[in-house]
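Heads up, the thing below is written out as structure tokens.
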Amino acid sequence: MNALPNALPDRSEMLRAFLASDASYDGVFLTAVRTTGIFCRPSCTARKPRPENVEFYASPGDAMFAGYRPCRRCRPAAAGADVPEWVARLTAFADRAEDHRVTAADLRALGIEPARARRWFQAHHGMTFAAWCRARRLAGSLARIRAGGSIDDAVFDSGYGSHSGFREAFGRAFGAPPGAGEHVRTVALAMIDTPLGPMIAGADEHGVCLLEFTDRRMLETQLKTLRRRLRATLVPGENAHTRRMRTELAEYFAGARRTFDVPLVHPGTPFQRRVWRALARVPYGATCSYQTLAKRIGAPRAMRAVGAANGLNRLAIVVPCHRVIGKDGSPVGYGGGVWRKRRLLELEARSAR
Ligand SMILES: [Zn+2]
């Protein structure tokens, strides 16, 4: 998802096409069903859900990063008739690989140049092949988070057979749930939809410890770090802090909130914590360079380390790493993508007036 919102037909038109299983709309949009965590082609013959539970996406990647798994009946993430033979071969290979990472060596073994794959997926799906594979790998876990444990039995209709596939996928990506009787700290993971795409919020009983866009490359690493640092188990669900985060984030995107009041849990090294505290003091609507930030924490020569700590921030938007820009004012790299950083800075500039 490179430039939201994606161009889609009217909701009423898409709903009509979907309910009629109109195959002429295949390739134009995809339908996702909140109660099953599954997405389909418009022509899919699986049982039709209630219209209020249907969402629409422009690409399989968008649907997967939003927490939906491809239907096994209509296979909406599989290559269509008009894709090159080598792409069909590649997606079939990625299908079989399921949760395993497809490496550059795998690509070469298939006779495909990684750079070519990257360019093709970027042009046709708005994301690199690596991001596409990550979307496939995480789709089941993200579906569990979006559903929060309430996926209904219509899952049977889509070829998954039972809910267990979703639970297993979550365990593989984010760590197994605790055994019976085991007392562990838990972090609830909830999905929050924003105008810039879906985010995952994580919170234990003390506060929010994670806020990140679902398509961010670092997401899996951040969750691993969190589990280790907090000695916690990650569980799909909500608590008072994730709910408050959702409310405050909606206010932020409406231009009605400049700072966040939700309690935060942000474990890190003493240096990282200094950087994150300094970040938190960059005012709404303002920007700051790595150089300035390094000076502010009394380590003017540690620019590189400041940049690294900035990139390891687990609380996007709340700890405003998007307010760090290049010395020349350019929007240097951002974990969530430079296009998001631009949109956040525009929103703040507009609302700060
Ligand atoms: Zn389907």
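No lab work stands behind these numbers, since they all come straight from the coordinates. Since we're looking at a predicted model, the values are computed, not measured. Backbone-built Cβ (ideal geometry, glycine too); neighbour counts: all protein chains shown.
Dividing the summed -39500 (n - 2.57) terms of all DSSP H runs of n ≥ 4 by the residue count of the chain sets its mean residue ellipticity at 222 nm at -12500 deg cm²/dmol.
Sequentially through the stretch 248-257, phi angles give Karplus couplings (6.51, -1.76, 1.60; θ = phi - 60°) of 5, 5, 4, 5, 4, 5, 7, x, 9, 9 Hz, Gly and Pro residues having no value and appearing as x. Can you give the FRET efficiency to the nearest 0.05 for E13 and T103, using r as the Cβ-Cβ distance and R₀ = 35 Å? The pair E13/T103 has a calculated efficiency of 0.25. Cα convex hull, the stretch 11-147: 97 Å³ per residue, rounded to a whole number. In this simple spin-label approximation, A299 and D328 carry label points 7 Å from Cα along the Cα→Cβ vector, and these lie 2.7 nm apart. Net charge dipole, the chain: roughly 1540 debye, given to the nearest 20, about the Cα centre with Cβ charges of +1 for Lys and Arg and -1 for Asp and Glu.
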